[in-house]
1. According to a simple spin-label model (label point 7 Å from Cα along Cα-to-Cβ), what is the distance in nm between K110 and E2?
2. Check which residues have an amide H placed less than 5 Å from E81's amide H, if you skip close sequence neighbours.
3. Over region 10-62, give the accessible area per residue in Å² for a 1.4 Å probe, as an integer.
4. What is the gain in length, in nm to one decimal, between D88 and D60 on full extension, counting 0.36 nm per residue of separation less the C-alpha to C-alpha distance?
5. For region 28-98, what does the alpha-carbon gyration tensor say about shape, rounded, prolate or oblate, given a ≥ b ≥ c as the root eigenvalues, a/c under 1.5 as rounded, and a/b over b/c as prolate?
6. Under 17 Å from the 7 Å Cα→Cβ point of T39, by amide nitrogen: which residues of region 3-18?
Amino acid sequence: MEEVERIVAPLRAAWSAVHIIRRWDSGFCRDALLTWCETHAVDYVSGLAKNTCLTALIADERRAMEVQGHATGTAARVFTEHTYHTLDSWSCTRRVVAKAKHLPATDTSKANPRFVFVVTSLPTRTHDARRLYEDVYLRAGRDGEPHQGTTDSTGEDGGAAGEGKEGGVSAEKGEKGEKGEKEEESERGENGER
């Protein structure tokens, strides 16, 4: 958290109305960091490691996606969101976005179906599930130097099951949600390397 504080403080000092969005992969998704961001008005988008509770949460969407994929013979994907609370590691309920993808039977090179989960503080009214995943989570992962050309264990760029790739901080200058000049800065990981 010291690294996040080190970046947030000068941004807030220079631009008091700055909207900060912090992005990281599942290896850094811890309640203490999420809570710090929530209490310091820093929005976040974080990969979330897949587990049986999360996959059960999207069971209906998964079935519909598989039916669509089998019917069309093409890849099918769905974006959905739910509220989620861990059994004991999170202090509150949070918004979770899921991307599920089912590949055609002819593509046996990857697991089927594939899931990526993301937890966020960004509201649905401004970031629906698909936009949040594609335009915020993936884009930040691709634009950040540590993420270029990386994939997680599901083969997805910047996915949730990665080995703790930490992303950058995006700051948008402006008032009342107006987008302004954008600054991005990468932060060092826990081992001090980029």
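The values are calculated or read from the model by the stated rules, or taken from the named source; none is laboratory data. The model shown is predicted, which means the values in this text are computed figures rather than measured ones. Cβ: placed from backbone, ideal geometry, glycine included. Neighbour counts: every protein chain shown. The accessibility values were calculated without ligands, DNA or RNA, using every heavy atom of the protein model including side chains. Shrake-Rupley method; radii C 1.70, N 1.55, O 1.52, S 1.80 Å.
1. 3.9
2. So E81 has HN proximity to A98.
3. Details: 2300 Å² over 53 residues.
It amounts to 43 Å² per residue over region 10-62.
4. Working: separation 28, 0.36 × 28 = 10.08 nm, distance 2.54 nm.
Extra length available between D88 and D60 comes to 7.5 nm.
5. Prolate, since a/c reaches 1.5 and a/b exceeds b/c.
6. Taking a point 7 Å out along Cα→Cβ of T39, the residues of region 3-18 whose backbone N falls under 17 Å are 3-6, 8-9.
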